[in-house]
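Undergrad: Take this structure first; my questions come after.
Just so it is clear, none of the values below were taken in a lab; they were calculated from the coordinates. Just so we're clear, the structure is a prediction, and the values are computed from it rather than from any experiment. Glycine gets a Cβ as well: all are built from the backbone with ideal geometry, and neighbour counts include every protein chain shown.
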Amino acid sequence: MADASVLDVRDLHVSYRTPAGPVRAVNGVSFVVRPGERLGLVGESGSGKTTTALSLMRLLQEPAVVEGGEVLLDGTDLLRLSEGDMRMARFAQISLIPQGAMNSLNPMMKVGEQLRDTIRAHRNGGTAKGSTDGRIREVLESVELQAAVMNSYPHELSGGMKQRVCIAMAILLNPKVIIADEPTSALDVVVQRQVMETLRRVQEALGASVILVGHDMGLMAQVVDRVGVMYGGKLVELGPVRDIFKDPLHPYTQLLIKSLPNLETKEDFRGIPGLTPSLLAPPPGCMFHPRCPHAMPRCSVDVPVLAEVKSERWVACHLYDLEANAA
Amino acid sequence: MSTATLSRGTTPFNLASTVQSGARRMLAFFAENRLFTAGVLLLLALYLFGLIGLQMVNPKGADMGAVPLNQAPSAAHPLGTDGLGRDMFAVMVIGIPNTFKIGFLAGAVGVIIGALIGLVAGYYRGAADAVFSSIADVMLVIPALAILITLSAYVKVVTVELMAVIVGLLAWPLPARVIRSQTLSLRERLFVQVAKLSGETDFEIITRQILPNLTAYLAASFVGAVSGGILAAVGLEVLGLGPQNVPTIGRTLFYAFKYTALLRGMWWWWAPPVVTLAIIFTGLFWMSMSLDKIANPRLKGTASG
Amino acid sequence: MSSLLEAQHVSKMFGSGLLSKGQTLAVDGVSLIVREDNPSITAIAGESGSGKTTLARLLLGVTQPTSGSILYRGEKLTAMDGRARKNFRREVQAIFQDPYEAYNPVYKVDQVLTTPVRKFRLAHSKDDELRRVEESLRMAGLRPEDTLGRYPHQLSGGQRQRIMVARALLLRPRVLLADEPVSMVDASLRATILESLVKLRRELGISLIYITHDLTTAYQVSQNIYVLYRGSVAEVGSVDRVIKEPKHPYTQLLVESIPLPDPDVRWTTNGSRPGSTAAQAKGVEKENHGCKFATRCPYVMAECWETPPPLFRIDEDRAAACYLYKDNPAVSGKEMAESIARPPVAV
């Protein structure tokens, strides 16, 4: 799995320093993103998925602190870059489509101006306005927005259009990796589909990789190639999307899939009992063991490690620890 | 078997535990908001200076002609005496608590009236709101000092309390505006909806749902009204209006100007009032700055997403 | 006819101004009925701008319709006296979408449970009140000792929402409006909360009006569904028919866009592209006096621009407001509402 990867995240640790103690939001997360692939990072609130995504871009602020690990983008560790170099890398190498486009576009600036700013911030010295605008028009067309949008203010655009502007901004400089953090959570189902299909089209044209962060399993099933399931700050399962849905290995993934509403069975509800774990005072051993139907004595003692139990199938669960179970 | 007891929103009153938990929370509040605490301590120190000083000196020394004129500070008269034969120390020691009294009384009157009007106008909107808002807007534009000066022409004998109430009556528009706009937004909140569905009447919603969420704004308005009240009162006194039978800080300045204390180099006449006023307004300013931060937590600094 | 809660051709207009410029017609002539003798779960589905939230507020009596009426037990809300009003308030309750905002941050969560007990006199003593509160919390899957006495910020969103369910259990209303009750709740908890809502009908005979944009949960939970588009009813009927075989082009678009959690059943790639419908491609911004969906409809015809289509009855228990079905009998909103609210004939 180590060959041909564009992004290699190794043992990432992020904590929030709170008066009550450190909250381990991301607790040893490792995964690889291949060129051109769409990877989904799915989890509920408190799972650490958004913190992970933001830390890849080094966009976290106090009281969040990256405490360890490496984020290798084509071999360069983003976490060790200087602030200036990281600023250059953002949007040019790795970009972000944030949650809630309404909040990330400057309401006082026209759309075209904001896009030009993005380009300008990454080029030293003057650039002819003409060539910049040419690129902007090209990108707007690829997200199916008319060039006239350049002269509009964000509030004049619909939710879907604003999100497409954010996609445009994210691909302006041909990055290698695009992180999409719940890009459609505020959008209606029809617009969501349009936006996701637009994203897919531009991503494939660019040859970039996408990390789609979210909690909507249905969306993951429709859009991504591989899925990483996060729980309590850890990656508990990682594999091809079809396998995750048809043959989930981790008990949490299994329960999650079972609890998804579907159009086949009526009034058949299967939630996951219990509460999400406290990150301030986490349970010993496996984070999921208090809610796990297959918990063994070992689970409350040893922390399971993410291991490749079958080809391309990674799980962090003692049930699959072949050596120990054979003993 | 549950040992839980229900908190009904307003807990059944247990004096001891209420005072205990209230005290604990107050201490925590002061520890966290240091600028506010600094302001409070400053004002408290000044007030105590007045109170304690009153024990140490003969209040009759503040009467005119009580002591030799124009003496520079000495052992007998630590702040000297003025051109009217008053012991400056005695004057200050009586005048300072008076100024606080005026401020708090005017502030209280202004905020209570303002809050009542603001709550009613903001919650019910419609005609009541239109009427009160128009009146408030007009009053905000007309300088209160001009009104007060005009009023003073008709009211000959003024006590400290009367002046405070009159000043307070003119101070309600700004608190009313602030409380009104907060009420307008709070009434749309979901928990107000839920309370309505739970059968609460309009009165209960205003007092139990909306009012408790306004404490920061009430406090900030109060500090503002106190500042404004003291300023207006001192302004009147410096002009020679206001209470004549009681030594006040503003009146002392009035005399100091009238008898050209500045030119005569009698700094002990004008400096103590000026310094006192500077301290009062600094303390109030610190308090209102930090209340701003409490009311609008975003001013505290970046909040984590 | 034992109608419990009824909307009779209600409309709600927002905004002021004499010209139609500043005004929005949030709800446009919607009729809906919930019957007393047939406790059911009715879904009102639509996207943002569909008017579903406004319709909910009208049904709750929180806001008044611009035309048409809301009736409770046959009496108009606007004509009720104090006593009837109090009754209505007690018997028609709601659960809202946002488990954060529903609580006053100044009070402990207990208040949300004790206030209605007190105002509606549901208990005859303090002990009785405590007992009822604890019982309702347990029925909602919570432990009283973990919940009572806490402030809202000390509990999770899921717990807070479950307390709202407990509140509904405590009140035993006749009609419960659930406005997107699980959209802000974690996936693992959604099923549990939906199950407790369904139980309300099954075990306590409470009728629910389930407002959502999520057709999948609407399918799972309800018997009937009203699909709203820009304030009007696009399609109405039994939830099985409407979702499995949608007839109105808008419903079809919605159903196609559902992200099914099955990687083998992906969105068809000829899905609606932004601005790809025939009318939009021509850049036509006609003065539209007809069907609101005309500008986005792949099947748009000339008459669609003329007058808004009435509901055409397609099945015994389904109708769609679309000229594609103009050969079917036209039916009024009220007739259709009555029809689907009727108790099923015993088989």
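Undergrad: If I take every Cα pair under 8 Å that is 6 or more residues apart in segment C:3-222, average their sequence separation and divide by the length, what percent do I get for the relative contact order?
TA: Normalised by residue count, the contact order of segment C:3-222 is 26 percent.
Undergrad: Going by C-beta contacts inside 10 Å, put A:MET220, C:MET139 in order with the fewest on the left.
TA: So the residues, fewest neighbours to most, are C:MET139, A:MET220.
Undergrad: Semi-axes of the equivalent ellipsoid of chain B: what are they in whole Å, largest first, if each equals the square root of 5 times a C-alpha gyration tensor eigenvalue?
TA: 43, 24, 16
Undergrad: Leaving out same-chain residues fewer than 8 places away, which lysines sit with a Cα under 21 Å from that of C:LYS334?
TA: C:LYS12, C:LYS52, C:LYS76, C:LYS247, C:LYS292, C:LYS326
Undergrad: Here's another thing I want to ask about it. What average number of partner chain Cβ atoms lie no more than 10 Å from the Cβ of the residues making up C:48-54?
TA: What the average comes to for C:48-54 is 1.
Undergrad: If eta is 0.890 mPa s and T is 25 °C, what Stokes-Einstein diffusion coefficient results for segment C:73-112, Kirkwood Rh from Cα pairs, in µm²/s?
TA: 195 µm²/s
Undergrad: Give the long-range amide H neighbours of A:TYR231: residues separated by 5 or more places, or on another chain, with amide H under 5 Å away, using H modelled in the peptide plane at 1.01 Å from N.
TA: HN-HN under 5 Å from A:TYR231: A:VAL236.
Undergrad: Mind checking the angle between helix C:126-139 and chain C's longest principal axis? C-alpha axes, 0 to 90 degrees, to the nearest 10.
TA: 50 degrees
Undergrad: Amide H of C:ILE44: which non-local residues (sequence gap of 5 or more, or other chain) have their own amide H closer than 5 Å, using H built in the peptide plane?
TA: C:TYR210, C:ILE211, C:THR212, C:TYR226
Undergrad: How tilted is helix A:111-121 with respect to the longest principal axis of chain A? Cα atoms for both, answer in degrees (0 to 90, nearest 10).
TA: The answer is roughly 80 degrees.
Undergrad: I've got another one for you. How large is ³J(HN,Hα), in whole Hz, for each residue of segment C:241-248 in order, when computed from phi with the Karplus curve 6.51 cos²θ - 1.76 cosθ + 1.60 and θ = phi - 60°, using x for Gly and Pro?
TA: Karplus values, whole Hz, x for Gly and Pro: 5, 4, 8, 6, 10, x, 9, 6.
Undergrad: Additional query: In Å³ and rounded to a whole number, note down the convex hull volume per residue for the Cα atoms of segment C:47-178.
TA: Enclosed volume per residue, from the Cα hull, is 129 Å³.
Undergrad: Grab the beta carbon distance between C:GLN252 and A:ARG201, set R0 = 35 Å, and tell me the FRET efficiency rounded to 0.05.
TA: It comes to 0.95.
Undergrad: Hey, rough spin-label estimate for A:GLU62 and A:THR76, points 7 angstrom out along Cα→Cβ, what's it come to in nanometres?
TA: About 2.9 nm separates the two model spin labels.
Undergrad: Also: Ranked by Cβ crowding within 10 angstrom, fewest neighbours first, how are C:THR295, A:THR276, B:THR248 ordered?
TA: Fewest-to-most ranking of C:THR295, A:THR276, B:THR248: C:THR295, A:THR276, B:THR248.
Undergrad: Modelling each spin label as a point 7 Å along the Cα-to-Cβ direction, I'd like the C:GLN154/B:ILE149 distance in nm, to one decimal.
TA: 5.8 nm
Undergrad: Would you work out which of A:MET296, A:GLN192, A:GLY100 lies farthest towards the positive end of the dipole of chain A, given +1 charges on the beta-carbon of Lys and Arg and -1 on that of Asp and Glu, about the Cα centre?
TA: The one lying farthest along the dipole's positive direction is A:GLY100.
Undergrad: If you don't mind, there's one more thing I want to ask. Over segment B:78-225, how many percent of alpha carbon pairs lie in each 5 Å bin up to the one with the longest distance?
TA: Result, from short to long distances: 2, 9, 15, 16, 15, 12, 10, 7, 5, 4, 3, 2, 1, 0 percent.
Undergrad: Once the piece of chain linking B:GLN20 and B:TYR124 is laid out straight, how much longer is it, given 0.36 nm per residue of separation minus the C-alpha distance between them?
TA: Contour length minus the Cα-Cα distance gives 33.7 nm.
Undergrad: Still on this structure, I have one more. Using R₀ = 56 Å, calculate the FRET efficiency as 1/(1 + (r/R₀)^6) where r is the Cβ-Cβ separation of A:VAL301 and A:THR265; round to 0.05.
TA: FRET efficiency, A:VAL301 to A:THR265: 0.90.
Undergrad: For C:92-102, what's the mean count of beta carbons from other chains sitting within 10 Å of each residue's beta carbon?
TA: Taking the mean over all residues of the peptide, I get 3.
Undergrad: Can you tell me the Rg and Dmax of segment A:148-234, counting just the alpha carbons, in angstroms?
TA: Considering segment A:148-234 through its Cα atoms, Rg and Dmax are 13.7, 45 Å.
Undergrad: Let me know the number of lysine pairs in segment B:60-297 closer than 27 Å at the Cα, not counting same-chain pairs under 8 apart.
TA: 7
Undergrad: Can you give me the P(r) profile for the protein assembly as shown? Cα pairs, bins 10 angstrom wide beginning at 0, each as a whole percent.
TA: It works out to 2, 9, 15, 18, 19, 15, 10, 6, 4, 1, 0, 0, in whole percents.
Undergrad: Go ahead and run the numbers for FRET between C:GLU245 and C:LYS326, Cβ-Cβ distance against an R0 of 25 Å, rounding to 0.05.
TA: For R0 = 25 Å, the calculated efficiency reads 0.85.
Undergrad: So what are the ³J(HN,Hα) numbers for segment B:213-223, from phi and the Karplus equation (6.51, -1.76, 1.60; θ = phi - 60°), rounded to whole Hz, Gly and Pro as x?
TA: 8, 9, 3, 4, 5, 5, 4, 4, 5, 4, 4
Undergrad: Kirkwood-based Rg over Rh for chain A (C-alpha set), two decimals?
TA: 0.99
Undergrad: So what's the Cα pair-distance distribution over segment B:157-234, bin width 5 Å, in %?
TA: 3, 14, 21, 17, 13, 11, 9, 6, 4, 2, 0
Undergrad: In addition: From the phi angles alone, apply the Karplus equation (6.51, -1.76, 1.60; θ = phi - 60°) to segment A:254-262 and give each ³J(HN,Hα) in whole Hz, x where the residue is Gly or Pro.
TA: Listing the rounded values in order: 4, 5, 4, 4, 5, 7, 5, x, 9 Hz.
Undergrad: For chain C, report the translational diffusion coefficient in µm²/s to the nearest whole number, using Stokes-Einstein at 25 °C, 0.890 mPa s, and a Kirkwood Rh over Cα pairs.
TA: 114 µm²/s
Undergrad: Convert 37 °C to kelvin, take the viscosity as 0.692 mPa s, use the Kirkwood radius over C-alpha pairs of segment A:178-327 as Rh, and evaluate the Stokes-Einstein diffusion coefficient in µm²/s, rounded to a whole number.
TA: 191 µm²/s
Undergrad: Taking 7 Å along the Cα-to-C-beta vector as the label spot, tell me the C:ALA84-C:ASP37 distance in nanometres, rounded to one decimal.
TA: For C:ALA84 paired with C:ASP37, the spin-label model returns 2.2 nm.
Undergrad: Which order do B:THR201, C:THR216 fall in if you start with the one that has the fewest other Cβ atoms within 10 Å?
TA: Arranged by neighbour count, lowest to highest, B:THR201, C:THR216 become B:THR201, C:THR216.
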